[in-house]
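One structure is given below, encoded as structure tokens.
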């Protein structure tokens with residue numbers, strides 16, 4: 001089984017943006033996120049990480065930086081299909097690492 005953790009590792013914030021007569025403070029412009037997977041049993045760890053720009057398109061749904069949670073940010077960035085794709089990539093990386101480690105161990109046994 002693989003346990004996944006989603007984290008926001010960096011956020012670039014614009015101190016203020018004015019739209020019409022309203023000024024919004026601490027407006028998030030770019031987010032660096034990471035999805036880390038750790039397989040129980042082998043402790044194999046892999047991650048997928050990307051930086052995504054956030055457009056300030058709808059002032060009615062504005063959330064200031066100080067009020068953000070990882071869940072809010074991830075919902076800005078991706079729907080469930082995109083999240084599933086990131087999880088799939090992490091799983092593939094873990095499987096590749098496990099297969100590589102198994103081949104190395106088998107090679108060492110043959111040489112030993």
Suppose we filter 3, 14 for residues that are more than 25 Å from residue 97 (Cβ to Cβ), part of a strand (DSSP E or B) and without any contact (Cβ under 8 Å) to a residue 60 or more places away in the chain; which single one remains?
14
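This table checks each residue for (1) over 30 Å from residue 14 (Cα atoms); (2) modelled with pLDDT of 90 or more.
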{"residue": "38", "(1), (2)": "yes, yes"}
{"residue": "55", "(1), (2)": "no, no"}
{"residue": "61", "(1), (2)": "no, no"}
{"residue": "98", "(1), (2)": "yes, yes"}
{"residue": "111", "(1), (2)": "yes, no"}
Applying the selection to segment 49-66, what residues are out of contact with any helix residue (DSSP H, G or I) (no Cβ under 9 Å at 6 or more places or on another chain) and closer than 11 Å to residue 28 by Cα?
53, 55, 56, 62, 64, 65, 66
Give me the residue from segment 40-54 that is touching a strand residue (DSSP E or B) at 6+ places or on another chain (Cβ under 9 Å) and part of a loop (DSSP other than H, G, I, E, B) and, out of that set, surrounded by the fewest Cβ atoms within 10 Å (Cβ to Cβ).
40
Counting just the residues of segment 69-91 that are out of contact with any helix residue (DSSP H, G or I) (no Cβ under 9 Å at 6 or more places or on another chain) and not in a helix (DSSP H, G or I), which one comes out modelled with the lowest pLDDT?
69
Among 13, 28, which is the only one that is within 27 Å of residue 87 (Cβ to Cβ), in contact with a strand residue (DSSP E or B) (Cβ under 9 Å, 6 or more places away or on another chain), surrounded by 11 or more Cβ atoms within 10 Å (Cβ to Cβ) and modelled with pLDDT of 85 or more?
28
Looking at this structure, is residue 94 at pLDDT 90 or above and in contact with a strand residue (DSSP E or B) (Cβ under 9 Å, 6 or more places away or on another chain)?
yes
Hey, residue 36 free of Cβ contacts under 8 Å to residues at least 24 places away in the same chain and not in a loop (DSSP other than H, G, I, E, B) or not
no
Counting just the residues of segment 55-80 that are over 22 Å from residue 22 (Cβ atoms) and touching a residue at least 24 places away in the same chain (Cβ under 8 Å), which one comes out surrounded by the fewest Cβ atoms within 10 Å (Cβ to Cβ)?
70
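The values are calculated or read from the model by the stated rules, or taken from the named source; none is laboratory data. Computed from a predicted structure; not experimentally measured. Note that we place each Cβ from the backbone using ideal geometry, even for glycine, and neighbour counts take in every protein chain shown.
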